[in-house]
């Protein structure tokens, strides 16, 4: 019974589907660009489109459709989405750039330096504005498609 109610939870399904589609796009884009399969793309952060943006946008649009765009629930979901998207192209993008600089510094250290063997930091953490916008558009599309697919018209 619990699984049936989860499937009936339109905002949840829309958000999860948007995440899955965005991550799948990254997987196939890597194959197309680099001519190799990389299963890590299904869970990787960064890249086009932003799965974070797709997920929170689909969630907030689905909540707006279901609860009304004037509801407190939609307002909460929208603010949550804006914070996540701002973080994706702001803080996380800059943290990735800092990681790139730190990795270069460690790479240039003498071999006898205590930090010379430090494991490199992940550099792709955030998103560019176009990646966030693409994720946002994907999220809107997923929420609308799921609305009609679940027979809510």
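The values are calculated or read from the model by the stated rules, or taken from the named source; none is laboratory data. If you're wondering where the values come from, they're calculated on a predicted model, not measured in any experiment. Because the Cβ atoms are built from the backbone with ideal geometry, glycine has one as well, and the counts that use them run over all protein chains shown.
Would you call residue 84 assigned to a helix (DSSP H, G or I), in contact with a helix residue (DSSP H, G or I) (Cβ under 6 Å, 6 or more places away or on another chain), at pLDDT below 90 and buried (at least 17 other Cβ atoms within 10 Å of the Cβ)?
Details: assigned to a helix (DSSP H, G or I): yes; in contact with a helix residue (DSSP H, G or I) (Cβ under 6 Å, 6 or more places away or on another chain): yes; at pLDDT below 90: yes; buried (at least 17 other Cβ atoms within 10 Å of the Cβ): yes.
Spelling it out, residue 84 is indeed assigned to a helix (DSSP H, G or I), in contact with a helix residue (DSSP H, G or I) (Cβ under 6 Å, 6 or more places away or on another chain), at pLDDT below 90 and buried (at least 17 other Cβ atoms within 10 Å of the Cβ).
To keep it simple, each residue is scored yes or no on (1) part of a helix (DSSP H, G or I); (2) at pLDDT 80 or above; (3) not assigned by TED's automatic domain parsing to the domain that holds residue 145.
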position: 17; (1), (2), (3): yes, yes, no
position: 23; (1), (2), (3): yes, yes, no
position: 40; (1), (2), (3): yes, no, no
position: 44; (1), (2), (3): no, no, no
position: 47; (1), (2), (3): no, no, no
Task: Given (1) modelled with pLDDT of 75 or more; (2) in contact with a helix residue (DSSP H, G or I) (Cβ under 7 Å, 6 or more places away or on another chain); (3) more than 29 Å from residue 16 (Cα to Cα), number of the condition residue 101 does not satisfy - done: (2)
